[in-house]
Each structure stands twice: as structure tokens, then as C-alpha cells.
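Presented below is the structure to which this report refers.
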């Protein structure tokens, strides 16, 4: 059992070691207009215009363009298809939207946002996201 766990951890580190340098190629800010209120980890954000950028390895920052709302959050690299434009995936539980994934333009790697307390609680209760919403960046 310990051998399998150690092997899985080593494999994960190798994959992350290959993925993180690719993400380093795109370090520019991404702009998005979110038409609904949403949650990032444990921070509530009002609908509006935002800029998202990487501030450290595994850490992103989202800030409203009027600079009234900002949050730093953890995210892990996620493999996907190359996209021309940035896009953002939100999970919706009832009337609450949670930022789930950020896809960067021109990259086949995006960011998966770690769940905060409220989303984790909803998932623990067995509540499935009612739907996912996609918002395109600009």
C-alpha cells in the first residue's frame, strides 16, 4: 500500500514538473466580464469586470477593474485543449456560482481552482453542480 502511494506521489510530481514550465510561458493578465455574482475559494465576488494573473507558483489573483474587490487563491495546473481565447468555467449549486477552471489563451494547460469551504460542504452533502457556466475572456 505504501509503495503504491509513494509511486503515485512520484508520478504526480513528474507530471506537475512537466506542466508548470508550460504555464510559465503565459504570464500575462487575463480579463473577463462575469455577469453574475460568484465565489472564488472562500471569497464572494460581485458581477463585473475582472483581471486574473499569476502571482506565484500555484497562486493566482483576481481583482475587479475598479479595484474594490480582490482575492488571491490556490490553483493547480490542468491539462486540456489549446484555446484561442481565455475562458472560465463556473459550477452552479442553486443560486451560487463557484469559479472552477481557468483556461489561458494559446495554452493546453489551464488552472483548476481549489474548492472553498462552501463548495466543499455542498459536495460533501452530495449536491451535484446543477450546471456549469462558461464565460469567455477578452
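Bear in mind that the values in this text are calculations on the coordinates, not laboratory data. Remember, it's a predicted structure, so these values are computed and weren't measured experimentally. We place every Cβ from the backbone using ideal geometry, glycine too, and count neighbours over all the protein chains shown.
Taken along the Cα-to-beta-carbon direction at a fixed 7 Å, the label points for residue 136 and residue 92 span 1.9 nm. Once the chain from residue 72 to residue 31 is taken as fully extended at 0.36 nm per residue, the excess over their C-alpha distance is 13.2 nm.
In terms of other Cβ atoms within 10 Å, 125, 78, 31 run from fewest to most in the order 125, 31, 78. The order of 92, 124, going from fewest to most other C-beta atoms within 10 Å of their C-beta, is 124, 92. If R0 is taken as 22 Å, the Cβ-Cβ distance between residue 84 and residue 55 corresponds to a FRET efficiency of 0.35. Exposure proxy for 32, 113: other Cβ atoms within 10 Å of each Cβ, ordered fewest to most, give 32, 113.
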